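Asker: Quick one: the structure is below, questions incoming.
Each value in this text was obtained by applying a stated rule to the coordinates, not by laboratory testing. Bear in mind the structure is a predicted one, so any value in this text is a computation, not a measurement. Positions of Cβ are generated from backbone atoms using ideal geometry, with glycine treated the same way; all protein chains shown enter the neighbour counts.
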Amino acid sequence: MALPQSLRTSVTPPELELIASEQLIDIVPLVTMEKTAFISGAYGPLRPPAKARVPLWIAVNLKLKRKCHIVPPEWLSVESLQDKLTRETSNPGFSELPFRFAEISKVILDIASDDLENPDKIRTLLKDIREARQSKSREGISKLDHSELGLSGLCSMEINEIRPFFIKGMSVLTKLIRDPEHPPKLDET
Amino acid sequence: MDTSSLNQIDFIAKARNASPSPPPRDGFLFTDLDDAQELPLQKLIRHWMNERHAPDILPIQAELLAGILDHIHKQSSTVSLLRTDPDASEDEHFRIMLAQTEIERVKFVVRSYVRTRLSKIEDYARWILADPLLQGRLSETELKHAKSYANLLATHFEESVLKALPGAQQSLDDPVPFMPPMITAPDKMRPVFVLARRDCPSVYLPDGTKMEMRKGQISLTQYRVIESLLFQDLVELV
């Protein structure tokens with residue numbers, strides 16, 4: 001098989017993490033490094049203690065070797081997340097979070113929790129936000145029809161989570177509604 | 001000056017003038033959707049995801065892929081040259097390691113992209129070969145593979161079963177009433193999650209209503225609805 005069965009229906013969380021790791025993040029390096037050309041762009045130079053902006057995967061690499069401190073993004077703080085959680089529980093819509101917040105926060109919490117203030121509180125808040133959003137996206141199932149479902153504000157990991165069920169559900173509804181005498185105009189096949 | 005130190009300079013020089021400093025991509029909402037700022041690797045990742053989610057085979061990104069492969073090749077040879085340099089400092093080793101890591105990351109994306117296409121080509125080989133327009137979406141090698149794969153399969157069916165059947169039942173593409181067609185085609189009715197990269201012209205939904213996607217909007221709808229938007233790079237699949 002060119003593509004394993006498990007990869008055919010959806011993308012895996014590690015793959016999403018790989019994509020999210022291309023995003024840039026600020027670090028405080030502890031080593032010097034000349035400006036270096038990478039395939040995704042040129043990064044550096046690293047001159048401690050000046051801040052530098054590098055892709056997350058470089059930051060992770062350096063952090064694991066204790067060669068930098070990660071400066072967490074603004075949204076990954078207790079105040080900001082608390083604010084999001086309040087909005088999440090008081091508004092029916094999804095509050096604005098970075099599209100790949102779940103992946104990025106997981107990576108940072110996993111490898112650089114010592115660079116965060118109060119990581120345990122952040123973890124709890126992220127979990128609460130996740131649960132609040134999850135219940136909203138599950139409510140979306142009741143609005144599911146054969147045509148379209150707006151899901152603005154949803155994040156990549158959340159989409160991936162509801163994907164199998166929503167796609168299956170919509171496909172079934174499509175089959176039920178399909179009128180053999182009047183095939184839909186759009187259908188080109 | 002020996003060759004290795006020459007290349008070392010090259011490594012740094014390339015950094016200085018080749019790639020423009022990457023634009024800020026905070027990842028906050030949809031700041032990274034602008035085409036002009038999109039770097040080749042990000043573009044490839046976007047097309048890789050599109051290919052993974054779309055039921056149909058999408059046009060090959062030949063130029064983009066060639067550029068990336070070229071870049072991988074250049075970067076690998078620089079790395080292997082620098083590796084042979086015994087005088088390399090620890091700092092130097094570190095950069096080599098990072099460069100090597102990135103090469104592996106990019107290779108993973110390229111491989112997955114190609115394999116996704118390959119699996120679709122094998123699934124829909126005969127359907128692709130029946131339509132010259134679709135063949136334009138494949139690279140030369142992919143088309144060659146589609147042809148030989150379809151041939152192989154047909155010969156196998158012929159040899160193992162079909163030749164023992166009556167002549168009227170030997171064909172591989174009979175229209176059978178009340179049955180799905182014998183040639184497998186992608187299911188364009190399959191729903192996909194779509195994210196608008198910018199404001200899109202309106203499209204018709206299966207229930208007859210119009211939908212106009214605004215930049216940043218995410219929607220779950222049938223693939224055929226947004227196919228034309230996807231081909232114009234106005235939306236991406238997530």
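Asker: For segment A:60-123, count the residues as N, evaluate 2.2 N^0.38 Å, and divide the Cα radius of gyration by that value, please. If you can, show how the numbers build up before the last one.
Answerer: Working: Rg = 13.1 Å, N = 64, 2.2 N^0.38 = 10.7 Å.
Normalised Rg, Cα atoms only: 1.22.
Asker: Taking the Cα centre of the protein assembly as shown as origin, sum charge times position over the Cβ atoms of Lys and Arg (+1) and Asp and Glu (-1), and report the length of that vector in debye to the nearest 20. Don't skip to the answer; put the middle values down first.
Answerer: Details: 54 positive and 61 negative charges, 61 e Å.
Roughly 300 debye for the protein assembly as shown.
Asker: Next up: Quick check on chain A: helices-only [θ] at 222 nm, where DSSP H runs of length 4 and up contribute -39,500 (n - 2.57) each and the sum goes over total residues. Nearest 500, please.
Answerer: Values: 7 runs with 93 residues, N = 189.
Theoretical 222 nm ellipticity from helices: -15500 deg cm²/dmol.
Asker: Between segment A:91-133 and segment B:170-219, what is the C-alpha centre distance in whole Å?
Answerer: Cα centres, segment A:91-133 to segment B:170-219: 35 Å.
Asker: Going Cα to Cα from residue B:43, which lysines come in below 17 Å? Please leave out same-chain ones fewer than 8 positions away.
Answerer: B:107
Asker: So between residue B:233 and residue B:154, what do we pick up on full extension, going 0.36 nm a residue minus the alpha carbon distance?
Answerer: Values: separation 79, 0.36 × 79 = 28.44 nm, distance 3.63 nm.
Net length gain for the segment: 24.8 nm.
Asker: Relative to the compact globular guide of 2.2 N^0.38 Å, what is the alpha carbon radius of gyration of segment A:11-71, as a ratio?
Answerer: Working: Rg = 11.8 Å, N = 61, 2.2 N^0.38 = 10.5 Å.
Here the Cα radius of gyration is 1.13 times the empirical estimate.
Asker: Under the rule a/c < 1.5 gives rounded, and otherwise a/b versus b/c splits prolate from oblate, where does segment A:73-178 land using the Cα gyration tensor?
Answerer: Details: a/c = 3.34, a/b = 2.22, b/c = 1.50.
In terms of gyration-tensor shape, prolate.
Asker: Using unit Cβ charges (K, R positive; D, E negative) and no other charged atoms, how large, in debye to the nearest 20, is the dipole of segment B:34-146 about its Cα centre?
Answerer: My answer is approximately 520 debye.
Asker: Quick check on the protein assembly as shown: take the gyration tensor over C-alpha atoms, sort the square-rooted eigenvalues as a ≥ b ≥ c, and tell me if it's rounded (a/c under 1.5), prolate or oblate. Can you show the working numbers first?
Answerer: Working: a/c = 2.49, a/b = 1.34, b/c = 1.85.
Oblate shape, in that a/c is at least 1.5 and b/c is the bigger or equal ratio.
Asker: OK, next. What residues qualify as long-range amide H neighbours of residue B:189, i.e. H under 5 Å apart, gap of 5 or more or another chain, H built at 1.01 Å from N?
Answerer: So residue B:189 has HN proximity to no qualifying residue.
Asker: Also: Just want the answer: with Cβ charges of +1 for Lys and Arg and -1 for Asp and Glu, which residue in A:165, A:150, B:62 is farthest toward the dipole's positive end in the protein assembly as shown?
Answerer: Working it through, the farthest residue towards the positive pole turns out to be A:165.
Asker: Sticking with this structure for a sec: Give the average over all directions of the projected area of the C-alpha convex hull of segment B:122-238, one decimal, in nm². Show your work: numbers first, answer last.
Answerer: Details: hull surface 38.9 nm².
The orientation-averaged projected area of the Cα hull of segment B:122-238 comes to 9.7 nm².
Asker: Which of B:201, B:143, A:97 sits closest to the plus end of the dipole of the protein assembly as shown, meaning its Cα is farthest towards the positive end, when Lys and Arg get +1 and Asp and Glu get -1 on the C-beta?
Answerer: About the Cα centre, the residue reaching furthest to the positive side is A:97.
Asker: Could you tell me how many degrees, from 0 to 90 and to the nearest 10, lie between the Cα long axis of helix A:156-177 and the main elongation axis, the longest principal axis, of the Cα atoms of chain A?
Answerer: 10 degrees
Asker: Please give the residues of segment A:119-148, grouped as numeric ranges, whose backbone N is less than 20 Å from a label point set 7 Å along the Cα-to-Cβ vector of residue A:89.
Answerer: A:119-139
Asker: May I pose another question? Quick one: the Cα spread of segment A:1-125 along its three principal axes, in angstroms, biggest first?
Answerer: So the three principal-axis extents are 48, 48, 22 Å.
Asker: Subtracting the Cα-Cα distance from 0.36 nm times the residue separation, let me have the gained length for residue B:162 to residue B:111 in nm, one decimal. List each step's numbers first, then the result.
Answerer: Details: separation 51, 0.36 × 51 = 18.36 nm, distance 3.62 nm.
Here the answer is 14.7 nm.
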